[in-house]
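Have a look at the structure below, then the notes.
What follows draws every value from the coordinates through simple rules; no lab data is involved. This is a predicted model, so every value here is computed, not measured. Positions of Cβ are generated from backbone atoms using ideal geometry, with glycine treated the same way; all protein chains shown enter the neighbour counts.
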Amino acid sequence: MNKRLFIASLAAAAALASGCTVTGSGGGDPAARRRAIDADIDSALSTLHQQVPGSQDLAGRAAGVLVFPNVLEAGFMFGASRGQGALRVGGNTVSYHATTSGSFGLQAGAQSTAVFVLFMTQESLDRFRNSSGWTVGADASVTLLSVGASAQMTTATVQQPVVGYVLSNRGLMAGISLDGARVTTLNL
């Protein structure tokens with residue numbers, strides 16, 4: 001195994017375990033953290049809409065959009081991910097959230113992704129907003145739209161209660177799952 005990859009994986013896992021934020025600047029000032037998260041979300045949404053045809057229309061139809069602009073995933077045998085984001089309703093931020101997940105298995109490396117969860121029905125949005133902690137797969141299934149999905153956005157796709165996108169630095173990711181990701185409210 002490449003020694004640099006191993007060291008980078010361990011460093012990233014240690015940073016995740018320490019509970020670091022991945023939203024960049026903002027420090028401990030809640031107002032500054034909110035501004036930093038909102039700016040990252042604006043940038044992530046812009047990238048999504050530029051790279052994925054039909055995503056802007058689909059997001060416009062959603063009752064709410066949960067965005068985690070920088071989810072850091074790292075692991076070596078054990079993996080973890082952590083990110084901060086916000087829920088937007090009608091284009092306005094209504095609450096701030098953190099996401100975390102863990103995994104075990106053959107894995108090594110680190111990456112940053114942007115995660116977009118679109119609540120397509122008011123009922124699914126209300127269920128999320130009324131939860132004290134929401135877990136993908138347990139509290140709701142998320143239908144992930146992948147490469148080429150824009151051509152397949154049919155009425156059936158839009159009728160799914162919760163759909164999502166995951167972007168890496170290289171674009172829309174395929175063959176991944178958000179199952180097990182836990183979302184909690186941040187007190188900002």
Task: Extension reserve of the Asp57-Arg182 stretch, reckoned as 0.36 nm per residue once the Cα distance is removed - done: 42.3 nm
TODO: Give the long-range amide H neighbours of Val142: residues separated by 5 or more places, or on another chain, with amide H under 5 Å away, using H modelled in the peptide plane at 1.01 Å from N.
DONE: Gly137
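Rank-order 111-123, 53-65 by packing density, defined as the average count of other C-beta atoms within 10 Å over each peptide's residues, highest first.
Top of the packing list down: 111-123, 53-65.
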Task: R0 of 35 Å, Cβ-Cβ distance Gln122-Ser43: FRET efficiency to nearest 0.05 - done: 0.80
